[in-house]
1. Please report, for the Cα atoms of the stretch 293-334, the Rg to one decimal and the Dmax as a whole number; what are they, in angstrom?
2. Which value, in Å to one decimal place, does the Kirkwood hydrodynamic radius take for the stretch 67-125 when every pair of different Cα atoms is included?
3. For the stretch 222-238 and the stretch 50-70, write down the distance between their C-alpha centroids in whole Å.
4. Report the Rg/Rh value for the stretch 148-214, based on alpha-carbon coordinates and the Kirkwood definition of Rh.
5. To the nearest 500 deg cm²/dmol, what mean residue ellipticity at 222 nm is calculated for the chain from DSSP H runs of n ≥ 4 alone, each contributing -39,500 (n - 2.57), summed and divided by the residues?
6. Roughly how tilted is helix 108-121, in degrees to the nearest 10 and between 0 and 90, from the longest Cα axis of the chain?
7. From largest to smallest, what semi-axes in whole angstrom does the stretch 274-351 give when each is the square root of 5 times an eigenvalue of its alpha carbon gyration tensor?
8. In a Debye calculation with equal point scatterers on the alpha-carbon sites of the stretch 1-99 and no solvent, what is log10 I(q)/I(0) at q = 0.14, 0.23 Å⁻¹?
Ligand code: ADP
Ligand code: MG
């Protein structure tokens, strides 16, 4: 197994698109690392450059302490799973799984044994004679995984491997993949555009934007303390409220209301300074009655989230959202008041 380290990694495509911009990243040996970001931010380019399928324009790739920047993909000892699985349609499951071993000139008997061993582990043993076209999406995904496992690579690179599965299978595959990675202990970089997937699976994660890493941390750190408004707006099943405001002495003025300075910003603000006030809808308490430090207004939308409701208030022409437990949700047209939690609200200066 091996740590992956990227130093000042830059990739400029012919035509001038800078997909990676002097990016630094260190993934320790055995870690499950998720790379999250919107479409086009450079996630696939990053993986392909680690794998050696793209050459770096600048900087270096170090795998297991070895500088492999100029090394061909075959010499890097990493295995990549693509979004579309890239299975061979004319080969059965055994041959698909054993393919990388054939390339490495492993003898046929040993190849078949290894394929059978890995397939048993993934619950594929009864499907060995089928071709990809005769498998479900979830089974195809497992074959792609089995192929990667059979290679016994030093690191796994996954490019949105679950995005072709339907919602329920996706949840199953998530748990399964995470468990497998724990057992194998192989350093894994897992690319996704789905923040829930990254939060659920990763030991640590990075959020990317336009060829840069905007934040690295544990899922809890990134969720609770997004480092800037980009990450704050990207993470969370309901988007964080990001409201323009300004410092008024010991309090903040936000959407025409007076709210308390969050714990995390105590002593850090100067009077009259312009800020962006951030608070997740989950970190509001809602009341029908006026309350101190509340954002009060008219209820304009009530969305059912299942066990709770997402309530949108019009607060002096600013939209403010709060998650309200089942049973205490208001009706559209009501007057309502959302009180941010001081221990969870945040102040940004990059808005
Ligand atoms: P992501 O995987 O996050 O969606 P990509 O790494 O695929 O992002 O792309 C990053 C940027 O590089 C995008 O602007 C994309 O259009 C560009 N890009 C990707 N591949 C190529 C290529 N082969 N040639 C030129 N530009 C590319
Ligand atoms: Mg991609």
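Read-outs throughout are calculated quantities, based only on the coordinates presented, and are distinct from any laboratory measurement. The structure presented is a predicted model; accordingly, all values stated were derived computationally and were not measured. Don't worry about glycine lacking a Cβ; one is built from the backbone with ideal geometry, like all the others, and counts go over all protein chains shown.
1. Spelled out, the Cα radius of gyration and Dmax of the stretch 293-334 are 9.8, 29 Å.
2. Numbers: mean 1/r = 0.0771 Å⁻¹.
In the stretch 67-125 this quantity evaluates to 13.0 Å.
3. Their Cα centres are 30 Å away from one another.
4. Looking at the stretch 148-214, the ratio lands at 0.96.
5. Theoretical 222 nm ellipticity from helices: -7500 deg cm²/dmol.
6. That helix lies at roughly 30 degrees to the long axis.
7. Details: eigenvalues 85, 37, 27 Å².
Working through the eigenvalues yields semi-axes of 21, 14, 12 Å.
8. Those come out to -0.59, -1.27, one per q.
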